Amino acid sequence: MVYHILVKPASYEYHRAHDLEHALELLGELGEDAKPLAGGQSLVPMMNFRLARPSALIDLARLDELRYLRPVGDGLRIGALTTHRTVETATLPGGFGVLSRAARWIGHYPIRSRGTIGGSLAHGDATAEWCVLAVLLDARIVLRGPRGQRTVPAAEFFHGFLSTAAEPGELITEVVFPSPAPRAALTEFAQRQGDFGLVVVAVALETEGGHCRAARVAAGGVGSAAQRLPAVEQALAGAELTERAFAEAARAGVAELEPPEDIHASAGYRRTLTATLLRRACLEAGA
Amino acid sequence: MTWVGKALARKEDHRLLRGRGRFTADVRRTGLLHAAFARSPVAAARIGAVRAPDTRAVHAVFDAESLGCADVLATLHRPEFVSTPMPVLARDRVRYAGEPFAIVLAEDAYTAEDGAELIAVAQEPLEALASMCAALAGEPIHEGLTANTFLDVFPFEDPDIDRVFADAYTVELEFRSARVAALPMEGRACLAEWDERDEQLVVTVSTQVPHQVRTAIAESLWLPERQVRVLAPDVGGGFGLKCVVGREEIAVAAAAYRTGRAIAWSEDRVENLTASFHGHEQRHLVRAAFDEQGRLLALDADIRCDVGAYSVFPFTSGVEPLMAATELPGAYRVPRYRARARGIATNKPPTAPYRGVSRPQIVAVMEGLMTEAGRVLGIDPVEVRRRNLITEFPYTGVNGITYDPGSYTESLDRCAELLAGEERGPLRGIGFACFNERTGYGTEAFAARKMEFTPGYEIANARMDPSGTVTVITGTSAHGQGHETTLAQVTADRLGLHPDQVRVRQGDTEATPYGWGTFGSRSAMIGGSAVRSAADRLADRIRRIAAHLLEVTEEEIELSDGKALGRDNSITLADLARLSHFQAHRLPKGVEFGLEVQAGFDVSGSGTFSNATHGVVVELDPETGAVRIPRYVVVEDCGTVLNPSIVDGQVRGGVAQGIGAALYERLHYEESGQPEVASLMDYLAPTAQEIPDIEIHHLETPCLFNETGAKGMGEGGTIGAPAAVLNAVNDALSHTGVRISEIPIRAETIQRALEGACTIRT
Amino acid sequence: MHDPHLITITVNGTEHEVLTESRHTLADLLRELGYTGTHLGCEHGICGACTVLVDGVPARGCLVFGVQADGREVRTVEGLADGGELSDLQRAFAEHHGLQCGFCTPGFLMLAEAFLAENPAPTRAEIREVVASNLCRCTGYQGIVDAIEDVAGKRAGAADTGTSRP
């Protein structure tokens, strides 16, 4: 990393949006360097370090219309300003329990109380739980912008290191989890509990008898963005629902991964962790 | 009934719990300017002129030349030490990334940072020497150094030692400990202002050593010490980081002196991690000779400490290497000893005496050697320790230190017994660390280091006001240790008062006697003794007055429950105090005016040794390598316990820092000298999830050199934990054949060891 | 909307009308208003020393801009005691040696205050997990966990017997 010495944000213009239309209007007016401000739990630390220097912030806090959890058909729509804590403590429709369980891994209680699902997706950290789950469960990310509304599948949303498909002037308004995942789990490993995981994995299994008919697998911390792991999915397809089979599939599936390396973990350690966490997640999901 | 020994609730808590403490940054002034520092982005460079930003938002910018301060010089008077100046702001050359070269003043801290960001300086990069290896091979980073060693000392020689090793079982160990940060929750902070009426520069500083800060500022500005007043208000932790004087504090004081404005600076966390003081980066190459019964015959050590780019005031860069070499034998009988110790200069921030100072390292080394000797010789490692511990006191060691009585074997046996029922096996290990800790270094003990500024003694004033309440004033300077409570307990007992009637005052060079502050586990032992002596002296005067008034002898007077009791009569201390001040004509002839006394205290010889055994159970996650600590036991002996809950709190907090150093904390640098750890996201200070409940048992071998019987105990927790955890992890890894001798022990390292073992087995 | 902004913020029941610059954090704004019990330990959301309650929800004061608190109710450590009379939580911190230097303490108190309001009968493991939100360098956390556990137990006891909270 580049050595910097600042822990106070640079100047910016603060704007408060009254409602969604106003927010979009402000985003359009203020140009590319303006950023929406949701819970601020990712953006503000980056501003304090002056790694992010938006010219203006558009505070979305009054947009209560974006705080909701709503079933839609088989699926679940979550308003972008819904906090992690709300998801963690909500009684969710059947098959969506993994969202609550996964939310517990996010940071710490005060962070979860303020941080939002939309903010987390917009930030796009590879090891953010929502990013991994969105990729896992084929979530659709709903954006509103100057050209109206569009929906981007999670698979196409995360472009790389803290980079997403959101265009300037666009705002995430909602994330839609299209179908329930009754046999899904997310797990991760961090050196201290509450830190960003070195690796985060999530699995969703479809089972039949004692076998895994199909599996979806996603991980964060193994590349520059949250991603599916097709090799593991293939290895799991048809596997028995046993620890041994999970372990074998996981081991085989991670062989080709080339995770990043930093002061906290080597690539090899991340690869090993991925296999371990995959087995654990499968066990939890298959149970 | 005595107050000493009671778990009295702390007097400090009432204000701190309501947010009514007064920390340095809480002090407000009208017209206050805030300072920020422009710091070098690279680890080594020649620098040219500093160009101030062209913005009206910035009130003033000073560089080394315009600030005009004398360099800071910390000196050891020994031929093996090279004294090198530390400029208050870098001049001509920067020697670590983060070194300040200009100070910016503005109306608020945000604007000051804007200014710091815009300051430019011409740089011509030099090769950065960011490791001890690179430094030993590279060009000296200071003029006057012939090699990058501030100190290279052979304090203990033994020409015959190789012969001993030739005929013995030899155990070798290469131990390394990472650079860590003390990480007080309050970073460094200061506020300086010129007081026109007193003709004084008044500097409020978050410090452990107000008088030493005063000296550094006065000398740097060529002022007599009278013209500098240093105040230490509530201090949010120090752990040694704040027992040295920061160049930033001097620069802020100088800027206030030059501008006539009040100027505040609060270190931010990035500065705290990358540009203040670090500690504990050491590498020990040690061999030990044992006979077949596991008796230690000789010890041979090569100790290298990466002390960073400058020698800190007042302790110098010699503090870690000298401590390590002198204290290595620890609680054990070592018949023959040879040591070389070096303080190596690198392009990294300087090091301060962080909690434990080299003892976490030397205890890890000794306890590693004992454990390994047990393995090699097939003897229970606890038994190996038992055979080598000092058992007869006083004991004068090969290092010239005389050890006062302690409970070394008893603490070891007790700890081993407490953990006797714990299961051991692959992935679950038990580790011990049995050690002593020299505390209460008096002047004589410090003089052996040959410091220009030799600490040691302490002075206390005690005065009773006309309403009969007492103020005790000392030069020790608490920053979380609860002196307002413990020193009140000590005083209350001597005067027959309730501790609520005693107020303890510290942290003001104008109000307190000259003092050395709080570090090195000295305050209860030395400062507490000075307070007790002062209280006794005040009690003597009160007895003399009371005897006269009650018409009995002084010996007959008892001070109890706020009264002076005679034979069948008494006078309240409030009445006596009132009378002593307002009706002095009724005092006995010859008694001094007022109820105010002073007493000093010092320890001669080697000081006093606390001791402890830590025993820890660890469980390893077989797949991730993560370490869990299901049980942690401390059996400690710090002599007479003044306040058990404060003592336990020191132990617990110390152990937490030791566990942090053992498993998590590491300030990593790139080869170029760039810090890779600059935030609390990357500096893994342990949270409540990483620190277990700590079970504490006390033994009590009172100190013989003071009347309170208390020994120091502020650092023991930090000293013992790394060794105990390291031994426990190695025990849990014993089936793998891997032995780790580096801290922090990273989960990845454990995982690799376990994976290797699996591969071998299959 | 240019700096500074005129906002209204209620702190511990007292309404303040104040001019604030966009970039000033809530923690700094509170300190400027004289609520210096809110301490800054890292300014990047990890240490939690600046934890306050915004409309009852715990927030890192360094990750919220003061201007965002316009129209909000903020509670700080200064609002816990009733005059000089410590709250049960504050008393428990003193009794269990849950503080030493006291710098992180306001953050832990506000964290615990919010947590116990949401979860009045937590297990020790739940308490430990929440205490892990903030950093303390002095205590080793045990006294803090003990204090919160004690308060939870006493409050539960008081609720069972129908007496009001002490």
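The values are calculated or read from the model by the stated rules, or taken from the named source; none is laboratory data. Everything numeric in this text was worked out from a predicted model, so none of it was measured. Heads up, the Cβs are rebuilt from the backbone with ideal geometry, glycines too, and the neighbour counts pull from every protein chain shown. Surface areas here come from the heavy atoms of the whole protein model, side chains and all, with no ligands, DNA or RNA. Shrake-Rupley method; radii C 1.70, N 1.55, O 1.52, S 1.80 Å.
Take the conditions within 12 Å of chain B (Cβ to nearest Cβ) and either open to solvent by less than 10 Å² (accessible area, probe 1.4 Å) or touching a helix residue (DSSP H, G or I) at 6+ places or on another chain (Cβ under 7 Å) (or both) and apply them to C:H5. Does it pass?
For C:H5, the condition - within 12 Å of chain B (Cβ to nearest Cβ) and either open to solvent by less than 10 Å² (accessible area, probe 1.4 Å) or touching a helix residue (DSSP H, G or I) at 6+ places or on another chain (Cβ under 7 Å) (or both) - is not met.
B:T149 is checked against (1) among the polar types (S, T, N, Q); (2) out of contact with any strand residue (DSSP E or B) (no Cβ under 7 Å at 6 or more places or on another chain); (3) farther than 30 Å from B:R261 by Cα and fails just one. What number does that condition carry?
Every condition holds for B:T149 apart from (2).
In region B:382-412, which residue that is open to solvent by less than 40 Å² (accessible area, probe 1.4 Å) and assigned to a helix (DSSP H, G or I) is nearest to B:L733 (Cα to Cα)?
Only one residue fits best here, namely B:V382.
Which number in (1) within 20 Å of C:A69 (Cα to Cα); (2) over 21 Å from the mean Cα position of the chain (by Cα); (3) surrounded by 21 or more Cβ atoms within 10 Å (Cβ to Cβ); (4) within 12 Å of another protein chain (Cβ to nearest Cβ) marks the one condition that A:A23 misses?
Tallying (1) within 20 Å of C:A69 (Cα to Cα); (2) over 21 Å from the mean Cα position of the chain (by Cα); (3) surrounded by 21 or more Cβ atoms within 10 Å (Cβ to Cβ); (4) within 12 Å of another protein chain (Cβ to nearest Cβ), A:A23 fails exactly one: (4).
Return a yes/no flag: does region B:565-573 have any residue that is in a helix (DSSP H, G or I) and among the acidic types (D, E).
Looking for residues that are in a helix (DSSP H, G or I) and among the acidic types (D, E), one finds none in region B:565-573, hence no.
Wholly within region A:32-85, which strands (runs of 3 or more DSSP E) include no fewer than the required count, namely at least 3 residues that are more than 20 Å from the chain's Cα centre (by Cα)?
Ranges flagged: A:56-59.
Here is a check on your reading of the model: is C:R91 open to solvent by 30 Å² or more (accessible area, probe 1.4 Å), within 10 Å of chain B (Cβ to nearest Cβ) and in contact (Cβ under 8 Å) with a residue 12 or more places away in the chain?
Criteria not met by C:R91.
Could you tell me whether any residue of region B:32-47 is aromatic (F, W, Y), under 29 Å from the mean Cα position of the chain (by Cα) and within 14 Å of another protein chain (Cβ to nearest Cβ)?
Yes: one or more hits.
Kindly check whether there is at least one residue in region B:176-183 that is surrounded by fewer than 22 Cβ atoms within 10 Å (Cβ to Cβ), within 24 Å of the chain's Cα centre (by Cα) and within 14 Å of another protein chain (Cβ to nearest Cβ).
The answer is yes, given that some residue of region B:176-183 is surrounded by fewer than 22 Cβ atoms within 10 Å (Cβ to Cβ), within 24 Å of the chain's Cα centre (by Cα) and within 14 Å of another protein chain (Cβ to nearest Cβ).
Any idea which of B:P350, B:P360 is buried (at least 24 other Cβ atoms within 10 Å of the Cβ), touching a His at 6+ places or on another chain (Cβ under 7 Å) and modelled with pLDDT of 95 or more?
Exactly one of B:P350, B:P360 is buried (at least 24 other Cβ atoms within 10 Å of the Cβ), touching a His at 6+ places or on another chain (Cβ under 7 Å) and modelled with pLDDT of 95 or more, namely B:P360.
Hey, can you tell me all the residues within region A:186-199 that are among the hydrophobic types (A, V, I, L, M, F, W, C) and surrounded by fewer than 24 Cβ atoms within 10 Å (Cβ to Cβ)?
Selection gives A:A190, A:F196.
Looking only at region B:6-21, count how many residues are surrounded by 20 or more Cβ atoms within 10 Å (Cβ to Cβ), within 8 Å of chain C (Cβ to nearest Cβ) and either touching a residue at least 12 places away in the same chain (Cβ under 8 Å) or over 23 Å from the mean Cα position of the chain (by Cα) (or both).
Result for region B:6-21: 7.
Could you pull out every one of the strands (runs of 3 or more DSSP E) wholly within region A:126-179 that has 3 or more residues that are buried (at least 24 other Cβ atoms within 10 Å of the Cβ)?
Filter on region A:126-179 gives A:171-177.
Tally time: how many residues in region A:237-271 are within 20 Å of A:S224 (Cβ to Cβ) and without any contact (Cβ under 8 Å) to a residue 60 or more places away in the chain?
14
So for region C:132-149 (the condition being of a type in the set (D, E, K, R), assigned to a loop (DSSP other than H, G, I, E, B), closer than 20 Å to A:S113 by Cβ and modelled with pLDDT of 95 or more), does at least one residue qualify?
no
Inspect region A:48-59 for any residue being surrounded by 20 or more Cβ atoms within 10 Å (Cβ to Cβ), touching a strand residue (DSSP E or B) at 6+ places or on another chain (Cβ under 6 Å) and charged (D, E, K, R) and give the result as yes or no.
Yes.
Can you tell me how many residues within region C:66-106 are in contact with a Pro (Cβ under 8 Å, 6 or more places away or on another chain) and outside any helix (DSSP H, G or I)?
3
Kindly establish whether C:E17 is open to solvent by 50 Å² or more (accessible area, probe 1.4 Å), within 21 Å of B:V27 (Cβ to Cβ) and outside the structural domain of C:F103 (by TED's automatic domain parsing).
For C:E17, the condition - open to solvent by 50 Å² or more (accessible area, probe 1.4 Å), within 21 Å of B:V27 (Cβ to Cβ) and outside the structural domain of C:F103 (by TED's automatic domain parsing) - is not met.
Can you confirm whether region C:107-114 contains a residue that is in contact (Cβ under 8 Å) with a residue 40 or more places away in the chain and either facing chain B (nearest Cβ under 7 Å) or not in a helix (DSSP H, G or I) (or both)?
Scanning region C:107-114, I find no residue that is in contact (Cβ under 8 Å) with a residue 40 or more places away in the chain and either facing chain B (nearest Cβ under 7 Å) or not in a helix (DSSP H, G or I) (or both), so the answer is no.
Check region C:149-161 and report whether any residue there is within 14 Å of chain B (Cβ to nearest Cβ), in contact (Cβ under 8 Å) with a residue 40 or more places away in the chain and in contact with a Gly (Cβ under 7 Å, 6 or more places away or on another chain).
no
Any residue in region B:23-38 that is over 25 Å from B:L89 (Cα atoms) sitting within a Cβ distance under 6 Å of a residue that is among the polar types (S, T, N, Q)? List the pairs, counting only those 6 or more apart or interchain.
B:D26/C:T36; B:V27/B:T204
Return a yes/no flag: does region A:200-213 have any residue that is buried (at least 24 other Cβ atoms within 10 Å of the Cβ), in contact with a helix residue (DSSP H, G or I) (Cβ under 8 Å, 6 or more places away or on another chain), within 14 Å of chain B (Cβ to nearest Cβ) and over 20 Å from A:T83 (Cβ atoms).
Yes, because at least one residue in region A:200-213 is buried (at least 24 other Cβ atoms within 10 Å of the Cβ), in contact with a helix residue (DSSP H, G or I) (Cβ under 8 Å, 6 or more places away or on another chain), within 14 Å of chain B (Cβ to nearest Cβ) and over 20 Å from A:T83 (Cβ atoms).
Scan (1) in contact (Cβ under 8 Å) with a residue 24 or more places away in the chain; (2) crowded, with 24+ Cβ neighbours inside 10 Å; (3) more than 7 Å from chain B (Cβ to nearest Cβ); (4) of a type outside the set (D, E, K, R) for the single condition C:G45 breaks and write down its number.
All conditions are met except number (1).
Quick check on B:A492: is it within 14 Å of chain C (Cβ to nearest Cβ) and among the hydrophobic types (A, V, I, L, M, F, W, C)?
In short, no.
Determine if region A:72-84 includes at least one residue that is buried (at least 23 other Cβ atoms within 10 Å of the Cβ) and either within 10 Å of another protein chain (Cβ to nearest Cβ) or modelled with pLDDT under 95 (or both).
Yes, region A:72-84 has at least one match.
Could you check B:T24 against (1) within 14 Å of chain C (Cβ to nearest Cβ); (2) open to solvent by less than 50 Å² (accessible area, probe 1.4 Å); (3) more than 25 Å from B:E107 (Cβ to Cβ) and say which number it fails?
The failed condition is (3).
Give region B:660-699 a look and list any residue that's touching a strand residue (DSSP E or B) at 6+ places or on another chain (Cβ under 8 Å), within 26 Å of B:A130 (Cα to Cα) and assigned to a loop (DSSP other than H, G, I, E, B), or say none.
B:E665, B:R666, B:L667, B:H668, B:E676, B:Y683
Considering region C:8-32 alone, what residues qualify as being part of a loop (DSSP other than H, G, I, E, B) and away from chain B (no Cβ under 11 Å)?
C:G13
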